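Here the structure is laid out as structure tokens; the discussion comes afterwards.
The values are calculated or read from the model by the stated rules, or taken from the named source; none is laboratory data. Keep in mind the model is a prediction, meaning the values are calculated, not measured. Note that we place each Cβ from the backbone using ideal geometry, even for glycine, and neighbour counts take in every protein chain shown.
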Amino acid sequence: MSIYTSNGSPPFNTTRASHIVLTSKDLDKTRYFYETAIGLEVTHQDNDSLYLRALEETSHHSLVFHQSDEPAVCKRMGYRVYTDDDLNLAYDHFNSNGINAIFVENPFQGRTLHVNDPLGVPLEFCATMEQSPSLMQTFHKHHGACPASLDHVQIATHDVETALRWYSDLGFRLTEYTADDVTDEVWGVWLKRKNNTQDVVFSAGLGPRLHHFAYNVPEVANIIHVCDVMSSLGLAHTMDRGPGRHGIANAMFVYFRDPDGHRIELFTSHYQFIDSDLTPKRWSLTDTSRSQLWGLPATERWFYEATNFDQVELKKPLLNAKPVTLESFLEKT
Ligand SMILES: [Fe+2]
């Protein structure tokens, strides 16, 4: 089977997944979870919004919450492009291809382009954000998981093949993927612009929905320590999966659910994927080591619960593949 390949000369230069915009019913509860327990730095809070970033980040924010009394949603996923010229190229590219893209003004970041991908995911691209020194070497303030930087998001979508094609045309590279052994249908794609295995993952499911966003932490000890921290803060019940190690991308991981149910992954040990002669790694849908090299499978809720995007219609997946869940695994043993 030949898999769709990346456009080596994309219409504009996207550099990385940059930020996530979510809603929260209670910004103070959200702040406690992310600042006190996870270890992110708060860079701004007012009555309506909360902005956070990780320890290596000099840009103003990688995680934004807007207060809302409605059920929590993801309002937008943010990417960085290299320069403002790339924003103009992106504007021209989308609008000349019949995709409505508009410039907006957002606090703490430069000119920002809003557009929806063909799956319905609301995106924004910007080239710049306000900069200030990070806490990277302010070691006495490090706590929780000591998260270093936002790394990637995973999105459930009804149509993974369309996601692969659209993002590949924008220059994203496929690093790993899962496919059906018989039909070759693609179930999940790990796509990247920066130097490691992923900026965005699309997996088959009711969508589009945000499955999780992930921060990179410096070492495995941070993964274990944050579990202890969650316990001592009375937040052990927020643990959603792990710790464990994914076969795909080699990540040592743990997942938590925040006060509104948004899922955060903390992980370490992705690998570099840069050279032009590297080829994507294929995994079989029947190979459970893709999800965990060791340990028990994830629960059904990990597979099926996710955050809706704001006012975006949900569609049933074109490819249905039953995952091996903890519940189905225990039934068989
Ligand atoms: Fe992840």
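Based on what the data block shows, is Ser231 assigned to a helix (DSSP H, G or I), out of contact with any strand residue (DSSP E or B) (no Cβ under 8 Å at 6 or more places or on another chain) and more than 16 Å from the ligand (Cβ to nearest atom)? Outline the logic, then answer.
Details: assigned to a helix (DSSP H, G or I): yes; out of contact with any strand residue (DSSP E or B) (no Cβ under 8 Å at 6 or more places or on another chain): yes; more than 16 Å from the ligand (Cβ to nearest atom): yes.
When the stated conditions are applied, Ser231 passes them.
Among all residue pairs at least 6 apart or on different chains, which show Cβ distances below 7 Å where the first residue, located in segment 69-84, is surrounded by 22 or more Cβ atoms within 10 Å (Cβ to Cβ) and the second is β-branched (Val, Ile, Thr) and part of a loop (DSSP other than H, G, I, E, B)?
From residues that are surrounded by 22 or more Cβ atoms within 10 Å (Cβ to Cβ), the pairs are Met77/Val121.
When you go through (1) in contact (Cβ under 8 Å) with a residue 24 or more places away in the chain; (2) hydrophobic (A, V, I, L, M, F, W, C); (3) farther than 30 Å from Leu235 by Cα one by one for Leu150, which number turns out not to apply?
The failed condition is (3).
What are the residues in segment 312-326 that are free of Cβ contacts under 8 Å to residues at least 40 places away in the same chain and loosely packed, with under 14 Cβ neighbours inside 10 Å, if any? Outline the logic, then answer.
Initial filter on segment 312-326 (free of Cβ contacts under 8 Å to residues at least 40 places away in the same chain): 322-326.
If the condition is that a residue be free of Cβ contacts under 8 Å to residues at least 40 places away in the same chain and loosely packed, with under 14 Cβ neighbours inside 10 Å, then Lys322 is the only one that fits.
Go through Leu233, Leu206, Leu191 for me and flag whichever is within 18 Å of the chain's Cα centre (by Cα) and farther than 20 Å from Thr307 by Cα. Even if it seems obvious, please write down each step before you answer.
Numbers: Leu233 fails: within 18 Å of the chain's Cα centre (by Cα); Leu206 fails: farther than 20 Å from Thr307 by Cα.
On inspection, the qualifying residue turns out to be Leu191.
Being out of contact with any His (no Cβ under 7 Å at 6 or more places or on another chain) and closer than 18 Å to Tyr255 by Cα narrows it down to one of Arg16, Arg31, so name that one.
Arg31
Regarding Thr5, is this residue in a helix (DSSP H, G or I) and in contact (Cβ under 8 Å) with a residue 24 or more places away in the chain?
no
Tell me, which residue of segment 280-297 that is part of a loop (DSSP other than H, G, I, E, B) and closer than 30 Å to Ser2 by Cβ is farthest from the ligand (Cβ to nearest atom)?
Taking segment 280-297 and keeping what is part of a loop (DSSP other than H, G, I, E, B), we get 280, 285-287, 291-297.
Now narrow it down to the ones that are closer than 30 Å to Ser2 by Cβ: 280, 285-287, 291-293.
On the way: Pro280: 17, Leu285: 18, Thr286: 21, Asp287: 18, Ser291: 11, Gln292: 13, Leu293: 15 Å.
Among those residues, the one meeting the criterion is Thr286.
One line per residue, one yes/no per condition, for (1) within 16 Å of the ligand (Cβ to nearest atom); (2) within 22 Å of Ile20 (Cβ to Cβ); (3) in the same structural domain as Asn196 (by TED's automatic domain parsing):
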position	(1), (2), (3)
Phe253	yes, yes, yes
Asp275	no, no, yes
Leu278	no, no, yes
Val312	no, yes, yes
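Checking Ala236 against (1) within 16 Å of the ligand (Cβ to nearest atom); (2) surrounded by fewer than 20 Cβ atoms within 10 Å (Cβ to Cβ), which single condition isn't satisfied?
The failed condition is (1).
Counting just the residues of segment 182-211 that are away from the ligand (no atom under 11 Å from the Cβ), hydrophobic (A, V, I, L, M, F, W, C) and not in a loop (DSSP other than H, G, I, E, B), which one comes out surrounded by the most Cβ atoms within 10 Å (Cβ to Cβ)?
Filtering first and then ranking leaves Phe202.
Pick out the one residue from Ala163, Ala156 that is aliphatic (A, V, I, L, M), buried (at least 24 other Cβ atoms within 10 Å of the Cβ), out of contact with any helix residue (DSSP H, G or I) (no Cβ under 7 Å at 6 or more places or on another chain) and not in a strand (DSSP E or B). Quick ask: steps written out before the conclusion?
On the way: Ala156 fails: not in a strand (DSSP E or B).
Result: Ala163 is the single residue among Ala163, Ala156 that is aliphatic (A, V, I, L, M), buried (at least 24 other Cβ atoms within 10 Å of the Cβ), out of contact with any helix residue (DSSP H, G or I) (no Cβ under 7 Å at 6 or more places or on another chain) and not in a strand (DSSP E or B).
Which of the following residues is over 19 Å from Cys74 (Cβ atoms) and more than 16 Å from the ligand (Cβ to nearest atom): His142, His158?
Working: His158 fails: over 19 Å from Cys74 (Cβ atoms).
After ruling out the rest, the residue left standing is His142.
Can you tell me how many residues in segment 298-309 are assigned to a loop (DSSP other than H, G, I, E, B) and crowded, with 17+ Cβ neighbours inside 10 Å?
Residues that pass the stated criteria total 2.
Residue by residue, here is whether (1) surrounded by 15 or more Cβ atoms within 10 Å (Cβ to Cβ); (2) at pLDDT below 95; (3) closer than 24 Å to Glu35 by Cβ holds:
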position: Ser232; (1), (2), (3): no, no, yes
position: Ala249; (1), (2), (3): yes, no, no
position: Val254; (1), (2), (3): yes, no, yes
position: Leu285; (1), (2), (3): yes, yes, no
